[in-house]
Number of protein chains: 2
Amino acid sequence: MSYITDQILESLREARARKGFSQRELSARSGVPQSHISKIESGGVDLRVSSLIALARVLDLELFVAPKKSVPAIKSIIRSAKGHDEDEEQVTPAYSLDGDADE
Amino acid sequence: MSYITDQILESLREARARKGFSQRELSARSGVPQSHISKIESGGVDLRVSSLIALARVLDLELFVAPKKSVPAIKSIIRSAKGHDEDEEQVTPAYSLDGDADE
DNA sequence: AATATTGATATGTTTTAACACATCATAGAA
DNA sequence: TTCTATGATGTGTTAAAACATATCAATATT
């Protein structure tokens, strides 16, 4: 059903949303085609590690492995890192308002 | 040079050694061919996430992504989880001593 | 010396992710 | 409505992982 972990999938989706990137923008930044990103995010692809890392990089995420027993502690850290921001690269689309603004 | 992260590579190698598995044994348990494991551990292969997860499972590791900023904290957790054992599945080969011992 | 185990390599085949496209329906904005 | 951006989907091609299998040079082990 899903080659990849739910945790990873969710983190990818969530991080992209957090940054305000569209799939196309993430594609442009990571080099991974938008069509792939769509498939990846829907869990239908057994992607290669390099692709996953490429996406993670752009999203300010890092991929790694940890002993199963330390997973709960790690998840709690991740959870707490989630709220506080401090550094959130929101990218502010801020009204492109391009060209003629005759109105 | 290496498609995969050093952290991941090292964790894989280290976890296998810790368990006392040979590459062949890890192969039998994970379903990933020994020849692959060799390539993977030497960093010469851009493997698929499913393979990585398969290996990690057998080694009692878990793969995931975390925000870059929380990496230091996580690494320290992993480090501390490393020494204390408590649950170490050493597998003790303990002398196969099989069959005829006529000598 | 003979045997077994380890990790590293090699070859040939099959499978499939990654790619470049292009298209489509939906939803918002002009 | 028209235009644009989004995410999802499809097709054909190519590069490469995954596979089975076999071999090899070092170490152990007997």
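Computed from the coordinates by the stated procedures, all read-outs in this text should not be read as laboratory data. Keep in mind the model is a prediction, meaning the values are calculated, not measured. Positions of Cβ are generated from backbone atoms using ideal geometry, with glycine treated the same way; all protein chains shown enter the neighbour counts.
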| note | Summing +1 per Lys or Arg and -1 per Asp or Glu among the other residues with Cβ less than 11 Å from residue B:29's Cβ gives +3
| said: Below 11 angstrom from the Cβ of residue A:8, what's the summed charge of the other residues (Lys, Arg +1; Asp, Glu -1)? | reply: -4
| remark: Env charge @ residue B:40, Cβ radius under 13 Å, K,R +1 / D,E -1, value +2
| request: Work out the length of the dipole vector of the stretch A:1-63 about its Cα centre, built from +1 on the beta-carbon of each Lys and Arg and -1 on the beta-carbon of each Asp and Glu, and round it to the nearest 20 debye. | output: 260 debye
| request: May I ask you to give the average projected area over all directions of the convex hull of the Cα atoms of the stretch A:1-63, in nm² rounded to one decimal? | output: 3.6 nm²
| query | Any idea what the residue A:20 label distances to the other copies are, label 7 Å down the Cα→Cβ vector, nm, shortest first? | reply | 5.7
| remark: Excluding residues fewer than 8 positions from residue A:19 in its own chain, the lysines with Cα under 23 Å of it are A:39, A:75, A:82, B:68, B:69
